[in-house]
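Step one of this worksheet: look at the structure below.
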Amino acid sequence: MLSSTDITTTDPARFIDTLFQDTFLFVMEVLHDTQLVRDEAFYRRGYELVAQVKSALETLKESDEFKMQVMYAQCGLLDYTVLNSAPADENTVWRRAPLEGAHLATLHAGEINPENLRRLLRQPAPDMRLLVLYQRVYALGYGIDIPGYDDERRQAIESLAALVPAPELPPSSPVIVEHRPGVRRGLLRSRLFQVVLLGVVVAGLYCGLDYSLHHFLLTSLSG
């Protein structure tokens, strides 16, 4: 269970990786587990992830604007990942009430998230936490299959890479890369996704989820 007391407010990367730890692990599971049962319980897990993040942000007394940007990014990532990783008939429950609609009463995250990022990048002193969040969201494949979005997505990733400091990693940090056949829609074909997925899965089993998620997300983003 996510607790606001676990979230450090001094390090933007730690803030986001702790706040979104369970969300990122959920995304990894969706991309990795081809036998995943996408039933009511699965949907409820996703729904509760958003509710937990919202509750933590309210406890931290974050601004309404910040909360909305975070929730749009989270709902967009979860809805996009789930609905684009399996055929429609396997996502019947999720399609009935996408998280964006359930939590935000809209179905326009595909337009709102890019616009939020564009406005953020135009600010003279953007919130580094949001920059880190968008960097993580795009690194996990958000928008990769949207027709006509390739150029803007690439430019967004380049802009984020220029603004978000490169992580400092221990020289002995191992990076495990493995091809996993059978993952739907080819979402894990690139080295980036293999690193993120396998790093989190393997390290999460042996090193503890809190450290491993932060560490291996940073590994993937630095390479």
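The values are calculated or read from the model by the stated rules, or taken from the named source; none is laboratory data. Keep in mind the model is a prediction, meaning the values are calculated, not measured. Cβ placement follows ideal geometry from the backbone for every residue including glycine, while neighbour counts extend to all protein chains displayed.
Counting only residues that are within 16 Å of Val50 (Cβ to Cβ) and out of contact with any Phe, Trp or Tyr (no Cβ under 9 Å at 6 or more places or on another chain), how many does the range 77-107 have?
Selection size over the range 77-107: 4.
Tell me which helices (runs of 4 or more DSSP H) are completely within the range 3-122 and hold 3 or more residues being of a type in the set (Lys, Arg) and at pLDDT 95 or above, or say none if there are none.
Fully inside the range 3-122 and qualifying: 40-59.
Under 19 Å from the mean Cα position of the chain (by Cα) and either under 19 Å from Asp145 (Cα atoms) or buried (at least 20 other Cβ atoms within 10 Å of the Cβ) (or both): is that true of Phe20 in this structure?
For Phe20, the condition - under 19 Å from the mean Cα position of the chain (by Cα) and either under 19 Å from Asp145 (Cα atoms) or buried (at least 20 other Cβ atoms within 10 Å of the Cβ) (or both) - is met.
Could you tell me how many of the residues in the range 55-80 are under 27 Å from Thr92 (Cα atoms) and surrounded by fewer than 17 Cβ atoms within 10 Å (Cβ to Cβ)?
Count: 1.
Just to be sure I understand the filter: pairs with C-beta atoms under 7 Å, separated by 6 or more residues or on different chains, first member in the range 47-63 and assigned by the TED database to the domain that holds His103, second member among the small types (Gly, Ala, Ser). Which pairs pass?
Tyr47/Ala102; Ala56/Ser4; Thr59/Ser4; Leu60/Ser4
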